[in-house]
Amino acid sequence: MKQILTTIDDLVERDGLYYKEFTDVPFTGDITDKTTQGTFRNGEKEGPWVEYWKNGQLSYEGTYKDGIQEGPWVQYYEDGQLSYKGTYKVGEEEGPWIYYHDNGQVWYEGTYKDGIQDGPWVEYWKNGQLRWKGNYKDGKEDGPWVHYYPNGQLSSKGTYKDGEKEGPWVYYLPDGQLSDKGTYKDGELVKQYQ
């Protein structure tokens with residue numbers, strides 16, 4: 001006797017749980033089709049999951065626990081290029097994460113704590129040049145920050161406190177010439193000089 005496979009299209013989502021169409025019992029079983037492979041338990045995603053783009057390229061691979069992302073997670077662009085990788089803890093980003101531009105260059109990298117940016121972070125332009133670097137504390141910019149133009153020239157530098165500019169800031173033109181200087185208090189410009 002031929003086994004009938006369940007596909008993701010055979011399921012409907014209601015109130016965060018998955019059911020086979022026309023049933024009231026949360027679905028338990030495996031999903032296997034051209035784009036999705038994984039397991040449901042009591043209507044929630046459970047264990048390893050893999051999803052593919054329609055062109056056959058891997059879209060993501062990761063693990064669910066009780067319907068929530070848990071553990072290492074990797075996502076890809078439709079052309080197969082790595083998009084990001086990191087770890088989830090109870091559905092929140094945790095620890096080091098790295099994101100990539102679609103050309104393979106690093107885009108962002110930094111650390112999360114309970115789903116919030118915390119610690120050093122950097123962002124790069126698509127050409128690989130550093131765009132900015134600084135520190136986050138509880139999801140807000142905190143401490144010294146520097147910003148750069150795509151050509152690598154310094155754009156600005158200064159300090160943040162609780163997500164607001166604080167103290168002296170210096171701004172530059174793309175050719176490296178000084179543009180502006182100012183002093184901030186609680187994010188407000190209190191003194192500007194050139």
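The values are calculated or read from the model by the stated rules, or taken from the named source; none is laboratory data. Fair warning: this is a prediction, and the values are worked out from it, not measured in the lab. Note that we place each Cβ from the backbone using ideal geometry, even for glycine, and neighbour counts take in every protein chain shown. Just so you know, the surface numbers come from the protein's heavy atoms only, side chains and all, with ligands and any DNA or RNA stripped out. Shrake-Rupley method; radii C 1.70, N 1.55, O 1.52, S 1.80 Å.
Numbers below:
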item	result
Average accessible area per residue (Å²) across the chain - probe 1.4 Å, nucleic acids and ligands excluded	62
Prolate/oblate/rounded label for the chain (Cα gyration tensor, a/c 1.5)	prolate
Computed FRET value (nearest 0.05) for residue 191 with residue 89, which takes r as the C-beta separation and R₀ as 45 Å	0.55
Residue order for 83, 179 - accessible surface, 1.4 angstrom probe, largest first	179, 83
Over 26 Å between alpha carbons, listed pairs 133/185; 113/133; 45/113; 89/185; 85/133; 65/133	89/185; 65/133
Amide N of the stretch 80-116 lying under 18 Å from the label point, which is placed 7 angstrom from the Cα of residue 122 along Cα→Cβ	84-86, 96-112
Residues whose placed amide H lies under 5 Å from that of residue 86, excluding near-sequence neighbours	73
Percent of alpha-carbon pairs separated by more than 15 Å within the stretch 78-156	59
In order through the stretch 123-133: 3J(HN,Hα) via Karplus (6.51 cos²θ - 1.76 cosθ + 1.60), integer Hz, x for Gly, Pro	10, 10, 5, 4, 7, x, 6, 4, 9, 7, 8
Globularity ratio of the stretch 114-194, using Cα Rg and 2.2 N^0.38 Å	1.14
Test item: Cα-centred dipole of the stretch 96-181, Lys/Arg +1 and Asp/Glu -1 on Cβ, debye	200
Long-range amide H partners of residue 28 with built H, under 5 Å	42, 43
Carbon + sulfur, % of accessible area of the stretch 104-194 - ligands and nucleic acids excluded, 1.4 Å	46
Cut-off under 5 Å, modelled amide H: who pairs with residue 143 long-range	160, 161, 162
Net charge over other residues, Cβ less than 11 angstrom from the Cβ of residue 65 (K, R count +1; D, E count -1)	-1
Selection from 159, 68, 57 lying farthest towards where the dipole of the stretch 39-194 points positive, charges on Cβ	159
Which of 107, 83, 32, positive extreme of dipole for the chain (C-beta unit charges)	107
Estimated Rh, the stretch 29-84: Kirkwood, alpha-carbon pairs, angstrom	11.5
Value of Rg to Rh for the stretch 64-118 (Rh from inverse mean 1/r over Cα pairs, i.e. Kirkwood)	1.01
Residues of type aspartates and glutamates that residue 191 reaches as a straight line, Cα spacing below 19 Å, ignoring anything fewer than 8 places off in the same chain	164, 166, 180
For the chain, size of Cβ-based charge dipole, Lys and Arg +1, Asp and Glu -1, in debye	700
Residue-wise HN-Hα coupling along the stretch 30-39, computed from phi with Karplus coefficients 6.51, -1.76, 1.60 (Hz; x: Gly, Pro)	9, 10, 9, 8, 5, 10, 9, 9, x, 10
Cβ-placed point charges (K, R +1; D, E -1), dipole of the stretch 26-108 about Cα centre in debye, nearest 20	80
